[in-house]
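Q: There's a structure below that I have some questions on.
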Amino acid sequence: MAIRIALIAVGGKGSRMGRSDVQKCLIPIEGKPILEYAIDSLVTSGIKCIILLTGHLHAQVSAYLASRAPQGECVLGSVYGGTEGETQAICRLRPFLQEDFLYTVGDCIFPTETFAEVIAEGERHPASAAVMCVSARRGVAPTHSRVITSRSRRAQKVIPATTKSSARLITMGVYVFRPLAFDFLAKVPPHGHVSAFVPHAIAAGQHTGVSVVRGPWFCFHTEEDIGRWSSSPLKRFLNL
């Protein structure tokens, strides 16, 4: 089944960005909000419905949606996801999602090719409960979890970033989820990283596929990241 629906998490406080007055996803980069890069790439990838999972400063996100022009045939909306973290926000949509969907975050910029790659990997592995997008570019987001994979491109172990590890790959914050993945997402404690669903899936005998993306990407976590953006490979890749 082609992926038609995408969720974008935009509920974090973004304390490390030093902007308590503005939702982090709305901070402008190269003249447009960080969030808008994800929306543009998803629409280009063929997504027909984008749902923003809001939390902190949710009214700002809702106001932004109300003020922007329609995005072609793609429908954009928002759902209040609460303040207990990403997995809790995703699980709020469990009663309404009976098909595969893509999940990503609103503080990262990915080329359209990244979404296309992980969607294609999901189509190649329909038996997996989910497909996780990973990268070897650990320096881009040092606080993201590490991933150990098998030769068959399955996640074997997810390691918190706070733990010393030689794991070569890092989570990118992009996933294709099957509806059955809700069973495992629901077991992640409040404020737990989304990738923490993997051990629960493995314990239940379900696989999580891995899409290893070689292209550049960029994550905005701290004030320093805005300065780092000017020399990032992704900026050059996008010709910005």
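Q: What pairs can you find where one residue is in segment 115-126 and touching a residue at least 12 places away in the same chain (Cβ under 8 Å) and of a type in the set (A, V, I, L, M, F, W, C), the other is open to solvent by 50 Å² or more (accessible area, probe 1.4 Å) and outside any helix (DSSP H, G or I), and their Cβ atoms are less than 9 Å apart, with a gap of 6+ or different chains?
A: Ile119/Ala2
Q: Right, next: In this structure, is Ser150 farther than 16 Å from Thr87 by Cβ and open to solvent by less than 70 Å² (accessible area, probe 1.4 Å)? Steps first, please.
A: Working: farther than 16 Å from Thr87 by Cβ: yes; open to solvent by less than 70 Å² (accessible area, probe 1.4 Å): yes.
So Ser150 passes the test.
Q: Under 7 Å by Cβ, and 6 or more places apart or on different chains, what pairs join a residue from segment 67-78 that is outside any strand (DSSP E or B) and exposed (fewer than 10 other Cβ atoms within 10 Å of the Cβ) with one that is of a type in the set (A, V, I, L, M, F, W, C) and modelled with pLDDT of 90 or more?
A: Taking only residues 6 or more apart or on different chains, the pairs are Gly72/Val43.
Q: Would you confirm whether or not segment 31-51 contains a residue that is open to solvent by 30 Å² or more (accessible area, probe 1.4 Å) and among the polar types (S, T, N, Q)?
A: yes
Q: Oh, and also: Quick check on segment 18-29. Is at least one of its residues closer than 25 Å to Phe182 by Cα, at pLDDT below 95 and assigned to a loop (DSSP other than H, G, I, E, B)?
A: Taking every residue of segment 18-29 in turn, none turns out to be closer than 25 Å to Phe182 by Cα, at pLDDT below 95 and assigned to a loop (DSSP other than H, G, I, E, B).
Q: So, in segment 107-147, how many residues would count as being within 24 Å of Ser231 (Cα to Cα) and open to solvent by 30 Å² or more (accessible area, probe 1.4 Å)?
A: 8
Q: Select, from Leu180, Leu185, the only residue that is surrounded by fewer than 19 Cβ atoms within 10 Å (Cβ to Cβ), within 19 Å of the chain's Cα centre (by Cα) and modelled with pLDDT of 95 or more. Explain how you work it out, then say what you get.
A: On the way: Leu185 fails: surrounded by fewer than 19 Cβ atoms within 10 Å (Cβ to Cβ).
Testing whether each residue is surrounded by fewer than 19 Cβ atoms within 10 Å (Cβ to Cβ), within 19 Å of the chain's Cα centre (by Cα) and modelled with pLDDT of 95 or more leaves just Leu180.
Q: Still on this model: Condition first: open to solvent by 10 Å² or more (accessible area, probe 1.4 Å), in contact with a strand residue (DSSP E or B) (Cβ under 9 Å, 6 or more places away or on another chain) and modelled with pLDDT of 95 or more. Can you find one or more residues in segment 163-172 that meet it?
A: no
Q: Please count how many residues of segment 32-66 are touching a helix residue (DSSP H, G or I) at 6+ places or on another chain (Cβ under 8 Å), among the small types (Gly, Ala, Ser) and not in a loop (DSSP other than H, G, I, E, B).
A: Here the count works out to 2.
Q: Let me ask another. Restricting attention to segment 82-98, which residues are open to solvent by 90 Å² or more (accessible area, probe 1.4 Å) and part of a loop (DSSP other than H, G, I, E, B)?
A: Thr83, Glu84, Arg92, Gln98, listed by residue number.
The values are calculated or read from the model by the stated rules, or taken from the named source; none is laboratory data. Please read these numbers as outputs of a predicted model, since none were measured by experiment. Cβ: placed from backbone, ideal geometry, glycine included. Neighbour counts: every protein chain shown. Note: areas computed on protein heavy atoms with side chains; ligands, DNA, RNA excluded. Shrake-Rupley method; radii C 1.70, N 1.55, O 1.52, S 1.80 Å.
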